[in-house]
Amino acid sequence: MRDRTISAPLLLLVVTSLASGCAPGQAPEVAPAEPDGDQDTVTALNARHEPIDTPPGDPVPGLGADEQARFADGKDEFEQVEDIAEGLGPVLNDTSCAACHSAPASGGGSETLETRFGTLVGGVFDPLAQQGGSLIQVKGIGAAGACTFTGETVPSNATVIAQRRTTPLFGLGLVDAIPESTFAYVARIEAVLFPEQSGRAGRVQDIALGRTAAGRFGWKGQVPSLHQFAGDAYLNEMGVTSPEFPDENCPGGDCSLLACNPMPGLNDDGSNVAAFEDFMTLLAPVRRAAFGSQALAGRRVFAAAGCTRCHWSTFRTGRARSPALSFVTFHPYSDFMLHDMGSLGDGIPQGSASGSEMRTAPLWGLRFVTRYLHDGRAATLADAILAHDGQGRKARDSFAALPAGDQAALLAFLGSL
């Protein structure tokens, strides 16, 4: 099979030609991965250019029998309610992955918010780890031995408090299958063509590979792979340890309480983490809604307003472990870069991101989201756009200056994703 992943020279050539000038009425837009990559009336096309058209929560089409079984087993584990005998706690945010990732189907997002905190000491962020920071676990397992484990609270000396919304997992196996080199290409193209809005590729530690890698997942781009995403969430959201995340969180920062932990040591041998990874990897993207004339016009407005400088429409996977995820053209509407968002940043440094930097949020599946931005502060898409700051300010101002009809068209386009 011919490897048709993004080529840096090809992208630079096509993007440069687009940026050099546009005919009247033609929107400047970041180039797609290949010549027909902008035909995004569907969310993704497989290597044979057949649409991936599945209901939310279903696996990607074209899986073999073994992969279908792994997806089903992974979904069972994802939805399984953990208990203390399986290592749950002693502090946690919920008892299953699906408790937060549920809308509109298992693997989706929700309005659930988690809280992070810290303080600034001489201008340097302190996560207050000795007081349970930076992530709050809101529940405890209750009485255990001489201890009673309850949910944590934000300490009074925290000066930075931020909330993070639960995001959908649909299609993330495609993001995991983007070639590592692509992220460097994207950063280079942005730096050349629009340096004022250009992002940077976050670099974080890939625990399994023992090296740094591009940060692809999380509001701060702090996670490099779905495998690591699974292990990290198992520990920090449910309190279940595994080989790559062997250390329990100290409740409220008090590590002496772990003497009462009813399930010390490793709680999972890695098999459940692998099952979560299988489910997320093979979970299909959701098909976009019908693409009407207003949304089509709005897509052009979206590009002309400069939104595509960060929300790139098209990526292409490389050769993945699953043939069903190999050489897939898909439309996440993100560059997966870190951008300085000024006042819209949450103040929490994480991974390689500073307090004001955020990873560009993918927009596919946006029609299933009910609250917007990282902390859910925006009740409408228009509010979300108008809250942009820092490197997003120019696009925000462009949107604000649009005639009402163009604004409505752009919002219709976003509502179709």
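Below, the figures for the structure above:
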{"read-out": "Condition met for ASP268 (modelled with pLDDT of 95 or more, crowded, with 19+ Cβ neighbours inside 10 Å and assigned to a loop (DSSP other than H, G, I, E, B))", "value": "yes"}
{"read-out": "Members of region 180-204 found to be under 17 Å from the mean Cα position of the chain (by Cα) and more than 17 Å from HIS311 (Cα to Cα), listed by number", "value": "GLU180, ARG203, VAL204"}
{"read-out": "Count of residues meeting criterion [touching a strand residue (DSSP E or B) at 6+ places or on another chain (Cβ under 6 Å) and in a strand (DSSP E or B)] in region 52-91", "value": "1"}
{"read-out": "Matching residues, region 368-390, being more than 19 Å from the chain's Cα centre (by Cα), of a type outside the set (Ser, Thr, Tyr) and either outside any helix (DSSP H, G or I) or buried (at least 17 other Cβ atoms within 10 Å of the Cβ) (or both)", "value": "ALA379, ALA382, ALA387, ASP389, GLY390"}
{"read-out": "Residue within region 128-136 that is among the β-branched types (Val, Ile, Thr) and within 27 Å of PHE368 (Cβ to Cβ) present", "value": "yes"}
{"read-out": "Tally of residues being crowded, with 19+ Cβ neighbours inside 10 Å and touching a helix residue (DSSP H, G or I) at 6+ places or on another chain (Cβ under 6 Å) across region 150-173", "value": "4"}
{"read-out": "Qualifying residue in region 155-173 (condition: touching a Leu at 6+ places or on another chain (Cβ under 8 Å) and in a helix (DSSP H, G or I))", "value": "yes"}
{"read-out": "Count of region 350-366 residues which are part of a loop (DSSP other than H, G, I, E, B) and surrounded by 22 or more Cβ atoms within 10 Å (Cβ to Cβ)", "value": "4"}
{"read-out": "Answer from PHE229, PHE291 - the residue that is part of a loop (DSSP other than H, G, I, E, B) and closer than 22 Å to LEU363 by Cβ", "value": "PHE291"}
{"read-out": "Residues of region 335-349 satisfying the condition of being over 14 Å from GLY390 (Cα atoms) and buried (at least 22 other Cβ atoms within 10 Å of the Cβ)", "value": "ASP335, PHE336, MET337, ILE348"}
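The values are calculated or read from the model by the stated rules, or taken from the named source; none is laboratory data. Just so it is clear, the structure is predicted and the values come from calculations on it, not from any experiment. Don't worry about glycine lacking a Cβ; one is built from the backbone with ideal geometry, like all the others, and counts go over all protein chains shown.
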